[in-house]
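Inspection log for the structure reproduced underneath, given as structure tokens.
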Ligand SMILES: C[S@@+](CC[C@H](N)C(=O)[O-])C[C@H]1O[C@@H](n2cnc3c(N)ncnc32)[C@H](O)[C@@H]1O
């Protein structure tokens, strides 16, 4: 099924990859990638936690439709989630979301999309030596406290001015946006890691405008003179 149109790819992802992508997440990713392209924010796209590659594929589908050839790097243990620590939900089993790099590349091939660079291994092992120098967009989807903190620690210093970090499962989407942000019961470590990493920063992660399902951090840009 080569060269499917972006909207057809979205339909396939929404119907076959319901565990990890949905109508809430895909438009936010599309909007932010479109902004990066229009504002000519330089740098690669990085996804931490790709599982079977649904979001990686959506990223490339959107970039292709925009005529944007920037590099996409995606990282995963391909052994599923690590065992959680004291800031995580003990009921989440280690090994959930196990897949293989071939799942990611096969999904791109199915749609005739350029493959990403896939980096198998634990974030703590791969990120120190295998991140692109300049990053424009991060999709942080590691679910656990240590995974999120490791991702922020290595990626934020490489962000281009105007770059964006989207944090999946940031907070409880059932809590109204005008009430205090509350951790998602299944993945409480995600919010905690963001709060701990940005404790002293002037621009913390906030809920995306649509829902706390995604957190959003924008790297400041120098003021125009
Ligand atoms: C919810 S899944 C990602 C879903 C994916 N973004 C998608 O669009 O389908 C979370 C993934 O993060 C990976 N992961 C979590 N912590 C990790 C770590 N410390 N190092 C490597 N991979 C990790 C797991 O293996 C799992 O595949």
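Derivation of every value follows stated rules applied to the coordinates shown; laboratory data play no part. What you are looking at is a predicted structure, and each value in this text was computed from that prediction instead of being measured. Reconstructed Cβ throughout: ideal geometry from the backbone, glycine too, with neighbour counts over all protein chains shown.
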Test of understanding: ordering 146, 76, 40 by Cβ neighbours within 10 Å, fewest first, what list do you get? 40, 146, 76
With a ≥ b ≥ c taken as the square roots of the eigenvalues of the C-alpha gyration tensor of the chain, please select rounded if a/c is under 1.5 and otherwise prolate if a/b is larger than b/c or oblate if it is not? rounded
So for 207, 194, 50, fewest C-beta neighbours within 10 Å to most, what's the order? 207, 194, 50
Is the C-alpha gyration tensor of the stretch 78-137 telling us rounded, prolate or oblate? Criteria: a/c under 1.5 is rounded; beyond that, a/b larger than b/c is prolate, otherwise oblate. oblate
If you take the square roots of the eigenvalues of the alpha-carbon gyration tensor of the stretch 1-131 and sort them as a ≥ b ≥ c, do you get rounded (a/c under 1.5), prolate (a/b over b/c) or oblate? prolate
Counting only helical runs of four or more DSSP H residues, what would the 222 nm mean residue ellipticity of the chain come to if each run contributes -39,500 (n - 2.57) and the total is spread over all its residues? -10500 deg cm²/dmol
Could you list 66, 131 so that the one with the fewest beta carbons within 10 Å of its beta carbon is first and the one with the most is last? 66, 131
